[in-house]
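Asks: Provided herewith is a single structure, encoded as structure tokens, for subsequent inquiry.
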Amino acid sequence: MTYVQEVMAMVKQMNPAEPEFHQAVKEVLDSIAPVVEKHEKEYREACLLERLLEPERSVSFRVPWVDDHGKLHVNRGFRVQFNSALGPYKGGLRFHPSVNRSSMNFLAFEQTFKNALTGQPIGGGKGGSNFDPKGKSDREVMAFCQSFMTELFKYIGPNEDVPAGDIGVGGREIGFLYGQYKRLTNQFEGTLTGKGLSYGGSLVRTEATGYGLVYIAEEMLQAHGRTIDGATVVVSGSGNVATYAVEKAEQLGAKVVTVSDSNGYVYDPNGIDVAVVKEIKEVRRARISEYVKLVPGSTYRDGKKVWEVKCDVALPCAIQNELSLDDAMDLVANGCIAVAEGANMPTTREATDYLQSKGILFMPGKASNAGGVAVSALEMSQNSMRVHRSFESVDQELREIMKDIFHQVSGAAEDYDQAGNYVTGANIAGFRKVVKGMREQGWV
Ligand code: NDP
Ligand code: 2IT
């Protein structure tokens with residue numbers, strides 16, 4: 001067995017019943033195999049892959065909270081501190097019923113390479129809970145956040161681990177979490193990102209993941225003689241990433257025809273009205289099916305996914321494994337030319353392989369959704385310096401970071417004779433940076 005095969009078997013044996021983690025690890029290991037082969041003896045002696053694949057620290061904890069009827073509930077909280085070779089652990093918190101050890105490990109592992117690609121000094125981590133914020137009152141969400149932070153605060157800090165938002169955790173939740181952190185530590189410091197603008201948040205953080213996704217999609221298209229201007233785009237999801245991907249794509253001249261949630265999707269042949277999406281999701285916190293009541297000419301398909309809609313560019317912005325092989329076949333049959341992942345690992349491995357085999361331009365999430373965490377790192381530096389940068393300056397830096405990621409990713413693919421394979425390129429480019437840091441810091 002090769003070293004890569006050995007460690008893949010080890011990961012499965014040490015983390016049984018963690019399919020998402022196995023999937024993420026396998027994709028990275030398959031990509032980096034040629035790099036590892038070149039340095040096999042040295043990496044083996046240093047147990048480099050064994051160390052890379054074992055989180056530095058992983059905690060899970062009880063989160064008791066009381067609902068509006070006085071009933072007590074108990075959820076499970078997690079924080080996985082995967083790798084600190086390049087900086088303090090950094091990564092979001094996800095509140096969603098699907099959260100378990102597998103999804104936390106996969107997300108924290110992916111985050112390590114994504115964060116390396118940003119060029120910012122941040123290591124990789126992730127956390128969250130199987131708490132479902134859907135249908136809960138503000139008071140219930142606050143009670144949960146306060147209880148969650150009462151345990152989490154022991155493990156985080158501005159130079160230690162800096163959480164942010166992810167699915168189910170947006171500005172409201174970060175506010176409640178930050179308030180409790182401050183109460184427990186008596187410190188006003190940048191231990192969370194995605195904060196409100198009046199208490200240390202950065203301009204552009206809300207928009208950063210969706211905008212960054214469109215910036216890198218445009219880089220990729222332009223490198224192949226195409227542009228997003230005039231393209232028909234399908235977006236899945238209607239949360240933070242999806243909303244601002246729609247906004248930026250439309251600003252750059254695309255027509256975005258879909259948004260969705262876990263119940264179904266909206267099709268608007270005239271182009272999604274992003275102000276209506278914001279009103280439904282950010283203000284009313286309602287289901288996306290409401291859209292058709294507000295926008296004449298739009299339709300809603302219950303229980304269906306957006307990939308059946310004809311498009312030039314597809315931007316999956318909801319959740320892992322939302323784009324299957326069948327969906328990929330639909331996209332190809334309908335003439336789609338490019339897929340860029342806004343979510344983390346939204347495309348199954350079979351679907352990714354199929355899309356690439358058909359010559360579809362494919363940008364993996366760890367490169368294409370890195371804009372969010374990149375601006376989180378800019379929020380951290382603003383907090384340290386006690387300064388507040390303008391929208392234009394942060395947005396300009398985000399653009400440059402996404403452009404730089406595109407060049408790193410395409411360059412690394414070329415180095416290994418796989419020009420245009422951005423999956424391989426992103427994994428190799430991220431791996432090279434993390435490994436350099438790990439090698440120079442000794443056997444820790
Ligand atoms: P939000 O909670 O704001 O939105 C999530 C959206 O995805 C909702 O519309 C939700 O619908 C939908 N969704 C969830 N499950 C499914 C499903 N099974 N099928 C279809 N739609 C579904 O989360 P974010 O926008 O923040 O995150 C979206 C993705 O982007 C995640 O993969 C996240 O990890 C990733 N990401 C987020 C970043 C950020 O800065 N926020 C940064 C980088 C990546 P419903 O209401 O029905 O659940
Ligand atoms: O998946 C991700 O990169 C995020 N949810 C954002 C993490 C962050 O720290 O801003």
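The values are calculated or read from the model by the stated rules, or taken from the named source; none is laboratory data. Everything numeric in this text was worked out from a predicted model, so none of it was measured. Heads up, the Cβs are rebuilt from the backbone with ideal geometry, glycines too, and the neighbour counts pull from every protein chain shown.
Asks: Of the conditions (1) surrounded by fewer than 16 Cβ atoms within 10 Å (Cβ to Cβ); (2) in contact (Cβ under 8 Å) with a residue 40 or more places away in the chain; (3) closer than 30 Å to I401 by Cβ; (4) more than 18 Å from the chain's Cα centre (by Cα), A85 satisfies every one except a single condition; which number is it?
Replies: A85 satisfies every listed condition except (1).
Asks: Report, by residue number, each residue of segment 202-223 that is surrounded by fewer than 23 Cβ atoms within 10 Å (Cβ to Cβ) and assigned to a loop (DSSP other than H, G, I, E, B).
Replies: L203
Asks: Would you please list the contacts, defined by Cβ atoms under 8 Å and residues six or more apart or on different chains, that run from a residue in segment 136-147 that is closer than 14 Å to R76 by Cα to a residue that is basic (K, R)?
Replies: Partner pairs satisfying both residue conditions: F144/K136.
Asks: Turning to a different aspect of this structure: Can you go through K304, K310, K293 and tell me which one is surrounded by fewer than 16 Cβ atoms within 10 Å (Cβ to Cβ), under 12 Å from S236 (Cβ atoms) and not hydroxyl-bearing (S, T, Y)?
Replies: None of the others qualify; the one that does is K304.
Asks: Among (1) in contact (Cβ under 8 Å) with a residue 40 or more places away in the chain; (2) crowded, with 24+ Cβ neighbours inside 10 Å; (3) not aliphatic (A, V, I, L, M), where does T347 come up short?
Replies: (1)
Asks: Filter segment 229-246 for residues that are out of contact with any Gly (no Cβ under 7 Å at 6 or more places or on another chain) and more than 8 Å from ligand 1 (Cβ to nearest atom) and give the result.
Replies: A231, T232, V233, V234, V235, V246, listed by residue number.
Asks: When segment 202-241 is examined, which residues are found to be farther than 23 Å from I280 by Cβ, in contact with a helix residue (DSSP H, G or I) (Cβ under 8 Å, 6 or more places away or on another chain) and not hydrophobic (A, V, I, L, M, F, W, C)?
Replies: Passing the criteria: S202, G212, Y215, E219, T227.
Asks: Might you check whether a residue that is at pLDDT 95 or above, assigned to a helix (DSSP H, G or I), farther than 21 Å from V234 by Cβ and out of contact with any His (no Cβ under 7 Å at 6 or more places or on another chain) occurs anywhere in segment 416-423?
Replies: Step one: filter segment 416-423 for residues at pLDDT 95 or above, giving 416-423.
Those left that are additionally assigned to a helix (DSSP H, G or I): 422-423.
Now narrow it down to the ones that are farther than 21 Å from V234 by Cβ: none.
No - not one qualifying residue is present in segment 416-423.
Asks: If you don't mind, there's one more thing I want to ask. Of all residues in segment 76-114, which are more than 11 Å from ligand 1 (Cβ to nearest atom), among the polar types (S, T, N, Q) and either under 25 Å from V409 (Cβ atoms) or out of contact with any helix residue (DSSP H, G or I) (no Cβ under 7 Å at 6 or more places or on another chain) (or both)?
Replies: Scanning segment 76-114 gives Q81, N83, S84, N100, N105, T112.
Asks: A follow-up question, please. Quick one: which of T243, T299, T258 is surrounded by fewer than 21 Cβ atoms within 10 Å (Cβ to Cβ) and either under 26 Å from S324 (Cα atoms) or in contact with a Pro (Cβ under 7 Å, 6 or more places away or on another chain) (or both)? I'd like the intermediate steps shown before the answer.
Replies: Values: T243 fails: surrounded by fewer than 21 Cβ atoms within 10 Å (Cβ to Cβ); T258 fails: surrounded by fewer than 21 Cβ atoms within 10 Å (Cβ to Cβ).
Checking each option against the conditions leaves just T299.
Asks: Shifting gears a bit: Does segment 103-118 include one or more residues that are under 25 Å from F431 (Cα atoms) and not in a helix (DSSP H, G or I)? Before you say what the answer is, go through the steps one by one.
Replies: Taking segment 103-118 as the starting set, the residues that turn out to be under 25 Å from F431 (Cα atoms) are 103-118.
Going one step further and asking which of them are not in a helix (DSSP H, G or I), we end up with none.
No, the conditions are met nowhere in segment 103-118.
Asks: Do we find a residue being touching a residue at least 40 places away in the same chain (Cβ under 8 Å), away from ligand 2 (no atom under 15 Å from the Cβ), farther than 14 Å from V373 by Cα and in a helix (DSSP H, G or I) anywhere in segment 92-101?
Replies: Yes, some residue in segment 92-101 is touching a residue at least 40 places away in the same chain (Cβ under 8 Å), away from ligand 2 (no atom under 15 Å from the Cβ), farther than 14 Å from V373 by Cα and in a helix (DSSP H, G or I).
Asks: Looking at (1) out of contact with any Gly (no Cβ under 8 Å at 6 or more places or on another chain); (2) more than 13 Å from ligand 2 (Cβ to nearest atom), which is the only condition E207 fails?
Replies: Checking E207 against (1) out of contact with any Gly (no Cβ under 8 Å at 6 or more places or on another chain); (2) more than 13 Å from ligand 2 (Cβ to nearest atom), the one that fails is (2).
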